[in-house]
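Only the coordinates and a few stated rules stand behind these numbers; no lab work does. Note that the coordinates shown come from a computational prediction; the quantities given were computed from them, not determined experimentally. Neighbour counts are summed over all protein chains in view; Cβ atoms, including those assigned to glycine, are modelled from backbone coordinates with ideal geometry.
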Protein chains: 2
Amino acid sequence: MQETFHVVPTSLHDALVETAYQHRGYSQIEAAAATALCSGAARHGIRTHNALKALHLDELFGSGKGGCVPGAEVEVKETRFKATQVWNANRKLGQAVATDAMNTCMKLADEYGVGVVAVDNAFHYLWGGGYVMDAAKKGYIAYTNCTSALAEVVPFGGKFPTLGTNPHSWGFPTTDALGYPVVLDWATSTIAMGRVEQFKREGKALPEGAAVDAEGNPTTDPFKVAALLPFGAHKGYGLALLNELFGAVIGGSLPTIRGRADKAPAGEKTTTAFYFQVIHPEAVDGKDYALGRGQAENLATVIKDILGHGNETCMLPGQLEAQAAARCERAGGLLFSEAEIRGFKELAEECGADTAAWELSQFQKFEG
Amino acid sequence: MQETFHVVPTSLHDALVETAYQHRGYSQIEAAAATALCSGAARHGIRTHNALKALHLDELFGSGKGGCVPGAEVEVKETRFKATQVWNANRKLGQAVATDAMNTCMKLADEYGVGVVAVDNAFHYLWGGGYVMDAAKKGYIAYTNCTSALAEVVPFGGKFPTLGTNPHSWGFPTTDALGYPVVLDWATSTIAMGRVEQFKREGKALPEGAAVDAEGNPTTDPFKVAALLPFGAHKGYGLALLNELFGAVIGGSLPTIRGRADKAPAGEKTTTAFYFQVIHPEAVDGKDYALGRGQAENLATVIKDILGHGNETCMLPGQLEAQAAARCERAGGLLFSEAEIRGFKELAEECGADTAAWELSQFQKFEG
């Protein structure tokens, strides 16, 4: 599992990514929000959502194709409800919208105990785990789901992809108990479409129950994959469906045309929708813990019980992310592969930044 | 799949169950809430949570053992938050507490857009799907989770059961779109412990990935099962963990002693905790649907897209329950097996009710 990384100072990385987003036409505030999320993803080992992937996605579906509109303004809709808000994102950059939405949920939760922000006409927020992790580090219980751009997943028992890989992300304020927040963050498909490409390159068979062929029959041959399957049979299917139902009541349109403006009948929408929620932990505190414990102590005691009794080697959701961040801390910067460094150098060229700073020889190596 | 049922008039069933709960010392209001849930479970084909199972559970863990206290009063705790409440259930009958809690969530959601009730010192609410189904039929988006009485599930990668079968239940107001609410309601273990007993009786092997033996090794031999596994590997594990974390911040104690008062060190609690949440659908309505659709019409359109394109035979979560209810409607009463009718007759004897009314010959047969 040892891999050779190159240590990139966070400030160098962040300056380039911010420049790249501004080069695409995004405002400084938008670029900063996008950079913070990419930087966090890189620091926590989420390589599928680092800056290179984010900017590539923006090119394919975002500012390059009108899916995302640099400088767009969020419209906060009028509502008679006090603890909830609905926003029309007007296709503003997803990371900027999601960061603001989660911050608003926290403020609402401070007053009402719980806060919800639903976002219509949205563009991809990339790493749901990042927003709930931030809220959890600030002491809140956070949750988000969204409809993924493309319908790539077949309903349980079906044969045609009509569901997104629709992720769910929960964050729990366990930093006092564990040193890091518990973060659940996963797609409701067994594997991502990106993994199928990886299996193709490696000439390997997929795990069972991950994909179907064009006739809707289960396949483990990556070259025959037409669509993905939900994880956990009907249970994962139900969880994937939930995001579609949330999307539908917020304002999303047909799943099969989402992210495919070229295929959409006139008047149909192709945008995604976001749902954010924060609970203040004091709002659910029964203040009646055994042996006079406080809430944080009780949480620590429960987790210790779960990971005791021979379960000491079990991982907690969020633990890998915390270990990755600790590794970056030890290395003194963000860790990237040689191919990723080349990608950043190309990015520097694209937006007229200093390419010499991105020569591979500039960076210390780190084995981890 | 055809089975012979006996058609029991709902009024006869409900009168007996209410009498039985009152015979155990519960108040009329408590008995009525318990009866409504059991009656709903029977009507919707949830045989694992019908009245016979509920009363058996009450005997094993509830009023028979002090786990549940007939006539207990719920204490609504003081809070500075407006959209959330915390209750000390004082071990009051779970069905009565859960019904009230979900009703309170709906009232909170009417004003704040979202409402949350957390319940400490609780006793088993049985069928989470029933509460969210009721709220969804009334037009709300509802959710509940709870910590199951016993830790029977091994964390992903572990070997000792330290998690409950911890269910999650979501209800979505799709009655206008589908004729019934979408209801997700399942345990986070692959199968329930009751199914293991069934596999033993039938001499069959368990499915892969459902259970472990005493050494923590996967087994398909029902006679070697020491504990259950979460569904969907680390994802289902994370979902099971969530209930434990909610329980921990509400006021629950160590999972491994929950429901096991005989094993609990002095001062530790052995009660479960509940989390309820309701969202008002107007509170997340972006009012910007394609082609001038309204929210309910948009929901119907999205669902039609999901179940189109060759997926017409896919089931929706809640569909089986709706079909079971339609079958009861056609039959003109609740449907029970011969063994279940015998169980009700014994129950009538136990609480001094009219046993003649529960002779098998009294009931019409129904093949379904």
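Descriptive notes on the structure:
- Each of the peptides B:337-348, B:42-53 was scored by the mean count of other Cβ atoms within 10 Å over its residues; in descending order, highest first, they stand as B:42-53, B:337-348.
- Taking 0.36 nm per residue of sequence separation and removing the Cα-Cα distance, the A:GLU197/A:THR10 pair yields an extension gain of 64.3 nm.
- Peptide B:296-304 has a mean shielding of 5, counted as Cβ atoms of other protein chains within 10 Å of each residue's Cβ.
- Charge dipole of the protein assembly as shown about the Cα centre (unit charges at C-beta), most positive-ward option of B:ALA233, A:ALA135, B:ALA266: B:ALA233
- Classification of region B:267-320 by its C-alpha gyration tensor yields an oblate form. The axis ratio a/c (a ≥ b ≥ c) is 1.5 or more, and b/c is at least a/b.
- Fewest-first ranking of B:HIS234, A:HIS6, using other Cβ atoms within 10 Å as the exposure measure: B:HIS234, A:HIS6
- Helices in chain B that qualify as membrane-span-like (whole DSSP H runs, Cα extent of at least 20 Å along the helix axis, mean Kyte-Doolittle hydropathy of 0.5 or higher) are B:28-43, B:233-250.
- Chain A shape via C-alpha gyration tensor axes, a/c threshold 1.5: rounded
- Value of D in µm² per second that Stokes-Einstein yields for region B:1-133, Kirkwood Rh from Cα pairs, at 37 °C (0.692 mPa s): 211 µm²/s
- Relative to one another, the C-alpha centroids of region B:40-98 and region A:113-160 are positioned 32 Å apart.
- The protein assembly as shown - mean residue ellipticity at 222 nm from DSSP helices (-39,500 (n - 2.57) per run, n ≥ 4, rounded to 500): -12000 deg cm²/dmol
- Per-q log10 I(q)/I(0), the protein assembly as shown, q = 0.08, 0.10 Å⁻¹ (Debye; single scatterer per alpha-carbon; no solvent): -0.65, -1.02
- Ordering of A:213-219, A:79-85 by burial proxy (mean other Cβ atoms within 10 Å per residue, highest first): A:79-85, A:213-219
- Residue order, fewest to most beta carbons within 10 Å, for A:THR270, A:THR10, B:THR272, B:THR104: A:THR10, B:THR104, A:THR270, B:THR272
- For the protein assembly as shown, with +1 on Lys and Arg beta carbons and -1 on Asp and Glu, the positive-most of B:VAL86, B:VAL284, A:HIS44 along the dipole: A:HIS44
- Its Cα centre serving as origin, the protein assembly as shown has a Cβ charge dipole (Lys and Arg +1, Asp and Glu -1) of approximately 240 debye.
- Averaged over peptide B:262-270, the number of partner chain Cβ atoms lying within 10 Å of each residue's Cβ comes to 2.
- Likely footprinting exposure, A:HIS309, A:HIS13, fewest C-beta neighbours within 10 Å first: A:HIS309, A:HIS13
- Inter-chain neighbour count for B:276-283: the average number of beta-carbon atoms from partner chains within 10 Å of each residue's beta-carbon is 5.
- The simple spin-label model puts a point 7 Å past each Cα toward its Cβ; for A:THR175 and A:ASP213 those points are separated by 5.1 nm.
- Under 12 Å from the Cα of B:LYS204 - aspartates and glutamates, other chains or at least 8 residues apart: B:ASP221
- In this simple spin-label approximation, A:GLU329 and B:LEU320 carry label points 7 Å from Cα along the Cα→Cβ vector, and these lie 4.7 nm apart.
- Distance in nm between pseudo-label sites at A:ARG260 and B:GLU59 (7 Å out along the Cβ direction from Cα): 5.7 nm
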